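Participant: Have a look at the structure that comes next, please.
The values are calculated or read from the model by the stated rules, or taken from the named source; none is laboratory data. Note that this is a predicted model, so its numbers are computed, not measured. Cβ sites come from the backbone with ideal geometry, for glycine too, and all protein chains shown count toward neighbours. Ligands, DNA and RNA are stripped out before the accessible areas are found, and what is left, the full protein with its side chains, is counted by its heavy atoms. Shrake-Rupley method; radii C 1.70, N 1.55, O 1.52, S 1.80 Å.
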Amino acid sequence: MKISRIAQVGAVAAVAALALAGCASNEPTGNPSDGPAAGGLSGELAGGGASSQEVAVQAWTAGFQTANPEVTITYDPAGSGAGRESFQAGAFPFAGSDRAFTVEEIEAGPFDACVDGSGIIELPTYISPIAVIFNLEGVDTLNLDAATIAGLFAGTITTWNDPAIAALNPDATLPDTAVTPVHRADDSGTTENFTDYLFQAAPDVWTSEPDGVWPLSTGEAAQGTSGVVSAVAGGNGTIGYADASRAAEEGLSTVAVQVGEEFVEYSPEAAAAIVDASPFEEGRGEGDLAIALDRTSAEAGVYPIVLISYMIACQEYADAAVAPLVKGYLEYIASPEGQDEAAAAAGSAPISDTLREQVTAAIDSIVTE
């Protein structure tokens, strides 16, 4: 029987609270609600990875550096795959990724930034819908089901007046313009999340297993989130997928996705709803908070094409000097203040209080002495 993540978190809330009380560090990590580690840190910290998080990372960095003016943080939004590779090679002490490391990847290791044998923590601190974006002259809104979205990206639906689209949008005037699907050229967690939705929700049409690398040769490839957004915005008949915050910035048209008997537009609330209803992945170590999203939920108000982007760090660092910086920064990211800053800047969904307890307990496990 599946148990929702909220139920799991509630069951361990007291344990997490005791762990926090018993594992307090002597470092000046501060109170998250007051601005963690305010004024207590100095140094430089470089990370990188998911481009979906870029706007949120900018907000987090600005807030944290305001509280800690002696700290400089840089983030290279080169993509989730690049971020995981750089973290694993020890080039970055933390990384952002739109998917967690798999259990097999963690077992294979190594993680050069971490003390040999140390675990890693993976924190679901950025929750955002992935918007299906399109640019079609004369059409501003569309309702689509999973099978039709899959057909558009698989290349089996080739014109915008296809009967499958027309049946779902009887009031729209659909041109016979050719469909140009746009996908990421780089190894991307956004791609893995999007193809996971297609694979779960439309398995008869989309037969390729979820992957961060686009599995088909059809369509147009573009580098990063910005590249996909630019390619869709610059064409006619284009369709792509991107973190919703970037779609909103560009004012692109977006698809309302069928869930049960209704069509649901993306929103932070709808994204948060499916996360709250989904369980943790099994077989994970303590502090590895990977969530198994249920893309086939028919619950009212749920938006199924959602991205959880993780912050990834070591529990114990080979370079002990970097640990307080990483810990303080992650505390700010997870704090109510940090989550609200990201929501205001990027349109993401703040994590719930129950999930914050788990995230904070994982951050507290970082060794700083």
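Participant: If N is the number of residues in region 52-187, what value comes out of its Cα radius of gyration divided by 2.2 N^0.38 Å? Can you show the working numbers first?
Facilitator: Values: Rg = 21.1 Å, N = 136, 2.2 N^0.38 = 14.2 Å.
Compared with the compact-globule rule of thumb, region 52-187 sits at 1.48.
Participant: Considering the dipole of region 325-366 built from charges on the beta carbon (Lys and Arg +1, Asp and Glu -1) around the Cα centre, which of ALA362, SER335, GLY347 is farthest to its positive end?
Facilitator: Going by the Cα projections, it comes out as ALA362.
Participant: Between GLU250 and ALA318, how many nm apart are label points set 7 Å from Cα along the C-beta direction?
Facilitator: Rounded to a tenth, the inter-label distance reads 3.9 nm.
Participant: Residues of region 219-275: accessible area per residue at 1.4 Å, in Å²?
Facilitator: Spelled out: the 1.4 Å probe surface of region 219-275, per residue, equals 37 Å².
Participant: Cα-based Rg (one decimal) and Dmax (whole number) for the chain, in Å?
Facilitator: 20.6, 66
Participant: Another one. In square angstrom, what is the accessible area per residue of region 83-209 with a 1.4 angstrom probe?
Facilitator: 38 Å²
Participant: So if R0 is 41 Å, what FRET efficiency would THR159 and GLU299 give, r being the distance between their Cβ atoms, rounded to the nearest 0.05?
Facilitator: Values: r = 33 Å, r/R0 = 0.82.
Result of the calculation: an efficiency of 0.75.
Participant: Could you work out what % of the accessible surface of the chain is carbon and sulfur, using a 1.4 angstrom probe and leaving DNA, RNA and ligands out of the count?
Facilitator: It is 49 percent, rounded to a whole number.
Participant: Using mean Cβ contacts within 10 Å as the protection proxy, how do 345-355, 234-244, 284-294 order, highest first?
Facilitator: My ranking of the peptides, most packed first, is 234-244, 345-355, 284-294.
Participant: While we're looking at this one, here's another question. 222 nm [θ] for the chain, helices only, -39500 (n - 2.57) per DSSP H run of 4+, per residue, to 500?
Facilitator: Mean residue ellipticity at 222 nm (helix-derived): -11000 deg cm²/dmol.
Participant: Ok, one more. With bins 10 Å wide starting at 0, give me the P(r) of region 119-158 over every alpha carbon pair, in whole percents.
Facilitator: 20, 38, 20, 16, 6, 0
Participant: Sticking with this one: Bin all alpha-carbon pair distances of region 280-369 at 5 Å intervals from 0 and give each bin's fraction as a whole percent.
Facilitator: 2, 12, 19, 22, 19, 14, 7, 3, 2, 0
Participant: In percent, what relative contact order does region 258-339 have, based on Cα pairs under 8 Å that are 6 or more apart in sequence?
Facilitator: For region 258-339, the relative contact order is 29 percent.
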